[in-house]
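A.B. asks: Okay, handing you the structure first.
The values are calculated or read from the model by the stated rules, or taken from the named source; none is laboratory data. Quick caveat: nothing in here was measured; it's all calculated off a predicted structure. Every residue, glycine as well, gets a Cβ built from its backbone with ideal geometry; the counts of neighbours run over all protein chains shown. Accessible surface areas use protein heavy atoms only, side chains included; no ligands, DNA or RNA. Shrake-Rupley method; radii C 1.70, N 1.55, O 1.52, S 1.80 Å.
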Amino acid sequence: KPCPLCDEAKEVLEPYKRRFVLQEVDITLPENSEWHDKYKYDIPVFHLNGKFLMKHGVNIQKFEDRLRKLELQSE
């Protein structure tokens, strides 16, 4: 379904797309019912490397800090 909040978040993250892989999960699909039950009132939700990062929108400072830490760990 259309998700203006998700679209806005993707736009904010666009400049970073070369630094991470964005995997979108449609929580309305039956196979994603676990995510739907957990986050149906909190979209968009973001995980980075499998760990919860933020919800309801992009906190760009938090995202940059966590991404930078992951990049430093992989060097």
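A.B. asks: State in Å² the accessible area per residue of segment 4-73; use a 1.4 Å probe, count heavy atoms of protein chains only, and round to the nearest integer. Don't skip to the answer; put the middle values down first.
C.D. replies: Details: 5420 Å² over 70 residues.
Per residue, segment 4-73 has an accessible area of 77 Å².
A.B. asks: I would also like to ask the following. What residue among VAL58, ILE43, LEU5 has its Cα farthest toward the positive end of the dipole of the chain, where the charges are +1 on Lys, Arg and -1 on Asp, Glu, each on the Cβ?
C.D. replies: VAL58
A.B. asks: Could you tell me which trypsin sites (Lys or Arg not before Pro) in the chain are loop residues by DSSP with no more than 15 other beta carbons within 10 angstrom of their beta carbon? If you can, show how the numbers build up before the last one.
C.D. replies: Numbers: sites: LYS10, LYS17, ARG18, ARG19, LYS38, LYS40, LYS51, LYS55, LYS62, ARG66, ARG68, LYS69; in loops: LYS17, ARG18, ARG19, LYS40.
Those satisfying the criteria are LYS17, ARG18, ARG19, LYS40.
A.B. asks: Give me the percent of accessible area attributable to carbon and sulfur for the chain, probe 1.4 angstrom. Present the calculation step by step, with values, prior to reporting the outcome.
C.D. replies: Numbers: 3070 of 6040 Å².
Whole-percent figure for carbon plus sulfur exposure: 51.
A.B. asks: Restricting to DSSP loop positions (anything but H, G, I, E, B) with no more than 16 other Cβ atoms inside 10 Å of their own Cβ, which GluC sites (Glu not before Pro) remain in segment 1-68?
C.D. replies: GLU24
A.B. asks: What would the Debye formula give as log10 I(q)/I(0) at q = 0.21, 0.22, 0.24, 0.26 Å⁻¹ for the alpha-carbon point model of the chain, no solvent?
C.D. replies: Calculated log10 I(q)/I(0) at the listed q: -1.00, -1.08, -1.24, -1.39.
A.B. asks: Ok, one more. As a test of the formula, what do you get for the chain when each DSSP H run with n ≥ 4 contributes -39,500 (n - 2.57) and the sum is divided by the residue count, at 222 nm and rounded to the nearest 500 deg cm²/dmol?
C.D. replies: On the way: 3 runs with 32 residues, N = 75.
Only helices count here, giving -13000 deg cm²/dmol.
A.B. asks: For LYS69, give me every one of the lysines with a C-alpha distance below 22 angstrom, ignoring sequence neighbours fewer than eight places off in its own chain.
C.D. replies: Answer for LYS69, where 22 Å is the Cα cut-off: LYS10, LYS17, LYS51, LYS55, listed by chain and number.
A.B. asks: Relative to the Cα centre, what is the charge dipole magnitude of the chain, using +1 at the beta carbon of each Lys and Arg, -1 at the beta carbon of each Asp and Glu, and rounding to the nearest 20 debye?
C.D. replies: Computed charge dipole of the chain: roughly 240 debye.
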